[in-house]
Amino acid sequence: MNDFRITAVNIESIFGEYKQNLENHIKWIEKHKDSQLILFPELSLSGYSSNPEELDALENETEQTLNELCARTHDFPEITVAVGTPLFKDQKIYIAHHLIRNGVIQHSHLKRILGPSEENCFSSGSPANAINEYEVHRGIRIGIGIQICAESHSPESSARLADSGAGLLLMPFASPRETPVEKLTRFKKYLPARAYDNSCFLACCNLIRVGRKTGTAPGAAMIIGPRGDILAETAASEENSCTSRISPDEILKIKDSSMGWFRSWRHIKD
């Protein structure tokens, strides 16, 4: 069949504890080695902080740990791993999410829409486009777009990614407050619309953490089909994951329907 397995993982990452966080990623990759794509949350490898002094101290260790993770993905050549780190470039710090497969960073997205607490620390990335016709598994290809946390609240960004070829939207979060069920309920209020309006699959997951100011960030994850149906979900205070099989052929069926593919006709005409 022309389908593949995708897993969204809620992990707990401790800021600056790179060795521990790295091993936790490997543990979950090993656990889901029958999946072809594994999504981890925002800043999953480093842990979350919006303090520039704390982040600056980790510049070298960030690069070293990311390189080590890349090297260890050689043990899982059939799996694409989507992980989050700070990215240090031209004396600026960005929130990045990387697609890694078989030791190589295939694509990196730099967060463009920052939260209020992030604007004094991180720089904004450029408008994102999808990585087109990405081979997920043995000839199975799908366009992939990434929206990090606050970017998920921009329907325009989702539409841009869909228009540039995305059939799968990856949305990693590090969203604080709320219980796991409350977080998942809030995701359900708007993320199915991002998938449905753009005829895309969508996967999301939230970073579990304890913040100094914001308290506990809960675990919540979903995988959504291109008709807005929830295919898999989880909500828990402890680390957890959800998995679903998805097929790019389902998107092709929608695009073959003149009334089903909204992106083809919903533009306003003068």
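Just rank Tyr190, Tyr196, Tyr48, fewest to most, by other beta-carbon atoms within 10 angstrom.
By the 10 Å Cβ count, ascending: Tyr190, Tyr196, Tyr48.
Normalised by the number of residues in the chain, what is the relative contact order in percent for Cα pairs under 8 Å and 6+ residues apart?
Result for the chain is 20 percent.
Can you tell me how much longer the chain between Ile113 and Ser154 gets when fully stretched, taken as 0.36 nm per residue apart minus their C-alpha distance, in nm with one decimal?
Difference between extended and current length: 13.9 nm.
Under a plain spin-label model, where a point goes 7 Å from the Cα along Cα-to-Cβ, how far apart in nm are Leu252 and Asp75?
3.6
Cross-link candidates for Lys188: which aspartates and glutamates have Cα within less than 18 Å, leaving aside residues fewer than 8 places away along the same chain?
Glu151, Glu178, Asp197, Asp229, Glu233
Please identify every one of the trypsin sites (Lys or Arg not before Pro) in region 79-140 that sits in a loop by DSSP and has no more than 10 other beta carbons within 10 Å of its own beta carbon.
For trypsin sites (Lys or Arg not before Pro) across region 79-140 that sit outside H, G, I, E and B with at most 10 neighbouring Cβ atoms in 10 Å, the list reads Arg138.
Using a Förster distance of 22 angstrom, determine the FRET efficiency expected from the C-beta separation of Ser126 and Glu63, and round it to 0.05.
Efficiency for this residue pair is about 0.55.
Most exposed first by the Cβ proxy, i.e. fewest other Cβ within 10 Å, how do Ser257, Ser237, Ser13, Ser247 rank?
With the sparsest Cβ surroundings first, the list reads Ser257, Ser237, Ser247, Ser13.
Can you give the calculated 222 nm mean residue ellipticity of the chain, where each DSSP H run of n ≥ 4 adds -39,500 (n - 2.57) and the sum is split over every residue, rounded to the nearest 500 deg cm²/dmol?
Calculated mean residue ellipticity at 222 nm is -8000 deg cm²/dmol.
Multiply the residue separation of Glu135 and Arg186 by 0.36 nm, subtract the distance between their alpha-carbon atoms, and state the gained length in nm to one decimal.
Result for the pair: 15.2 nm of gain on full extension.
How high is the relative contact order of region 73-124, in percent, with contacts defined as C-alpha pairs under 8 Å that are six or more residues apart?
In percent, rounded to a whole number, it is 32.
Along region 63-79, what does the Karplus equation 6.51 cos²θ - 1.76 cosθ + 1.60 (θ = phi - 60°) give for ³J(HN,Hα), rounded to whole Hz, x for Gly and Pro?
Residue by residue, region 63-79 yields 5, 4, 6, 4, 5, 5, 4, 4, 4, 7, 6, 4, 6, 10, x, 8, 10 Hz.
Volume per residue, Å³, of the convex hull around the alpha-carbon atoms of region 131-263?
Convex hull of Cα atoms, per residue: 102 Å³.
Between Arg177 and Asn102, what FRET efficiency follows from the Cβ-Cβ distance if R0 is 51 Å, with the result rounded to 0.05?
0.85
Taking amide H positions as placed 1.01 Å from N in the peptide plane, with prolines and chain starts having none, which residues 5 or more places from Ser13, or on another chain, fall under 5 Å of its amide H?
Here Ile208 satisfy the definition.
Filter Lys19/Lys89; Lys89/Lys183; Lys111/Lys189; Lys31/Lys111 down to the pairs with a C-alpha to C-alpha distance above 25 Å, please.
Check vs 25 Å cut-off fails for Lys89/Lys183; Lys31/Lys111.
Report the residue, chosen from Ile254, Ile95, Ile246, that carries the largest GNM mean-square fluctuation when the chain is represented by alpha-carbon nodes joined by springs under 10 Å.
Ile254
Describe numerically, in nm with one decimal, the distance between label points set 7 Å from Cα along Cα→Cβ at Ala193 and at Asp90.
3.5
Could you work out the relative contact order of region 6-152? I mean the mean sequence separation of Cα pairs under 8 Å and 6+ apart, divided by the number of residues, in percent.
19
Work out how much length Lys19 to Asp229 would gain on full extension: take 0.36 nm times their residue separation and subtract the Cα-Cα distance, in nm to one decimal.
71.9 nm
Readers should treat all values here as calculations from the given coordinates under stated rules, not as data from a laboratory. In this text the structure is predicted, and so the values were computed from the model without any measurement. A quick note on method: Cβ atoms are made from the backbone with ideal geometry, for glycine too, and the neighbour counts reach across all protein chains shown.
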